[in-house]
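What follows is one structure encoded as C-alpha cells, with my remarks underneath.
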C-alpha cells in the first residue's frame, strides 16, 4: 500500500496553508489557514474492509509550562509526548483519497464536532487536552487541526501521517476517542500500513547478530509468531512496502538466508558488509575470521541467487604489521570480489584498543600511499560495474529537486555514503519530479561514482 500527500513534499516543512499556527509580524504566532491536506493512497491489500488515518507529532512537549512564554524556551532535552493532529477511522474500503479541506477549513475556536463525516468517523485530536482549562479555547477538537508548535521550542517538530488498512469495517469507537484509543482498537486488525516513509536503513553495531541477546525470543507481529532474528526482521520489514536497506551485516553463515528475500523483492538487494581486509594474516591480527576463498565463493553464490545484489564494504589500510604483500593480497581480492562500493580508512590508534600495542606500526606516509592505491583500484572496479547499468531502467528515489533537475538514488545507493543518480529534465512536460517520490528512469551515462538517467 502506498500513501502520497500531494499538498507537501515528504520531509519538507508543512506549508502555512495546512498549519493551525503561523508566524506573525506583530507577534510570535497567530492562527493559520488550518486546512486539512490532500491525502491519496493506492494498492491496499486484499481483504481490506476499512481504513484509518492518524497524524502524530512525536516531538510535542510532555509539559507545557514553558510553551509560548516570551522569557523562556522549551528545552531540547525536555521529555516529549505524542500529540495527535488527526484521527479519522472507519474510512470506507472503496475510498482512495481525502481532498484538501475535506475535514478542516480554518480554525474553529472551541473545537469541531466528533463523529460521522462523509469520509469516516472523527476522533478528537490533542488540542482537546492542550487547551483544557483555557476558557476561550477549551472544547472537543474533532478531526484535523494542523501544526502549531510552541514558537519558543528548541526542537523541530515532525508530523507523521500513517494510513492503516484494516480487516474490519468499523473499529466500534464513538464519542471522544483519541489517537491512542484508535491505535489500541486496531490491534490484530492491521493488514498493512503506509506512512509516506519510502526507505528504512537498518543500522547497528552488528546487524546480523540481531536477537542474540534475546535468545531469538518469539513475539507477535501482525498476528504471527516472529523470532527476534535478522531473517525474520527483514521479512517483517519487507511487508511494509518500503525500501529496506541493511548495514553493518557481518557475514555469519545465516546471512545466506537474506539473499532469497532480496531476490523476491522483499528487501533491497544491498548489503553493507565490513570485510576490513583480505589478508589472512592481517585478519587474524584484527581477530576477525580469515576465509578468503570461502568469502569469494559466497559472493558468487549470492550473485547467482540475486544477480542485482550491490555490496558495499569498508577496509583498513596500515593496520599494525600489514606488509606490502598483505596489501597486494587485498588489492587482488578486490579485483576478484568486484564490490560495488568501497570505503577505506587509514589505521589510527584508539584509546584502550589492543591493536595499539601490536608490533610493526606502519609509517603514516605508507598508509597514505596505500590508501590512494586502494581507492584508485576500486574506482576502476566501480566504474566497470556502473557502466553495466547503462541502458537499464531503474526505480529512483528523489532526494532533491532544483533548477529543473533532480538528484536521487537507486537501490544500490545508500544516502550520503554511496553514489547518486542525476536525473535529466523530463521529456514529458506533464512529468513532475517531487522530493520523496519514486520515478522510473533509464540510465544513459555514468559520471564518476554516479549515474545519469532520463526520467520516463
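Only the coordinates and a few stated rules stand behind these numbers; no lab work does. Because the structure is predicted, anything quoted here is derived from the model rather than measured. A quick note on method: Cβ atoms are made from the backbone with ideal geometry, for glycine too, and the neighbour counts reach across all protein chains shown.
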What residues of segment 130-149 lie in the reach of a label at residue 81, counting those whose backbone N is under 12 Å from a point 7 Å from the Cα along Cα→Cβ?
130-132
Just check segment 302-372 against the gyration tensor rule for me: Cα atoms, a ≥ b ≥ c as the square roots of the eigenvalues, rounded for a/c under 1.5, and otherwise prolate or oblate depending on whether a/b exceeds b/c.
prolate
Estimated 222 nm signal from helices in the chain, with DSSP H stretches of n ≥ 4 weighted -39500 (n - 2.57), rounded to 500
-5500 deg cm²/dmol
When 370, 288, 187 are arranged by how many other beta-carbons sit within 10 Å of their Cβ, fewest first, they go 187, 288, 370
In a Debye calculation with equal point scatterers on the alpha-carbon sites of segment 199-387 and no solvent, what is log10 I(q)/I(0) at q = 0.10, 0.11, 0.17, 0.19 Å⁻¹?
-0.46, -0.56, -1.14, -1.31
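To the nearest µm²/s, what D does Stokes-Einstein give for segment 393-455 at 37 °C and 0.692 mPa s, using the Kirkwood radius over alpha carbon pairs as Rh?
Approximately 288 µm²/s, per Stokes-Einstein.
Report the extension gain between residue 281 and residue 392 in nm, rounded to one decimal, defined as 0.36 nm multiplied by the number of residues separating them, less their alpha carbon distance. Don't skip to the answer; put the middle values down first.
Details: separation 111, 0.36 × 111 = 39.96 nm, distance 4.08 nm.
Full extension of this stretch gives 35.9 nm more.
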Grab the Cα-Cα distance for residue 385 and residue 72, subtract it from 0.36 nm times how many residues apart they are, and report the gain in nm with one decimal.
107.1 nm
Give the separation of the Cα centroids, segment 314-346 to segment 186-255, in Å.
32
What number, in percent, do you get for the relative contact order of segment 89-191 if the mean sequence gap of Cα pairs under 8 Å and at least 6 apart is divided by its residue count?
30
Could you sort 97-103, 342-348, 363-369 so that the peptide with the highest average Cβ count within 10 Å comes first and the rest follow in order?
97-103, 342-348, 363-369
Could you work out the Kirkwood radius for the chain, taking every pair of different alpha carbons, averaging 1/r and inverting it, reported in Å?
25.4
Measure nothing but the geometry: give the 0 to 90° angle between the long axis through the Cα atoms of 364-387 and the longest principal axis through the Cα atoms of the chain, rounded to 10°.
70
Relative contact order computed over the chain (Cα-Cα under 8 Å; 6+ residues apart), in percent
10
Where a ≥ b ≥ c are the square roots of the eigenvalues of the C-alpha gyration tensor, would you call segment 138-222 rounded, which needs a/c under 1.5, or, failing that, prolate if a/b is larger than b/c, or oblate?
oblate
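Using 0.36 nm per residue, how much length does the chain from residue 158 to residue 304 gain when fully extended, once their Cα-Cα distance is taken away?
48.3 nm
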If I model a spin label at residue 427 and residue 204 as a point 7 Å from the Cα along the Cα→Cβ vector, what separation in nanometres do I get?
4.6
Rg/Rg_ref, segment 2-194, where Rg_ref = 2.2 N^0.38 Å and atoms are Cα:
1.02
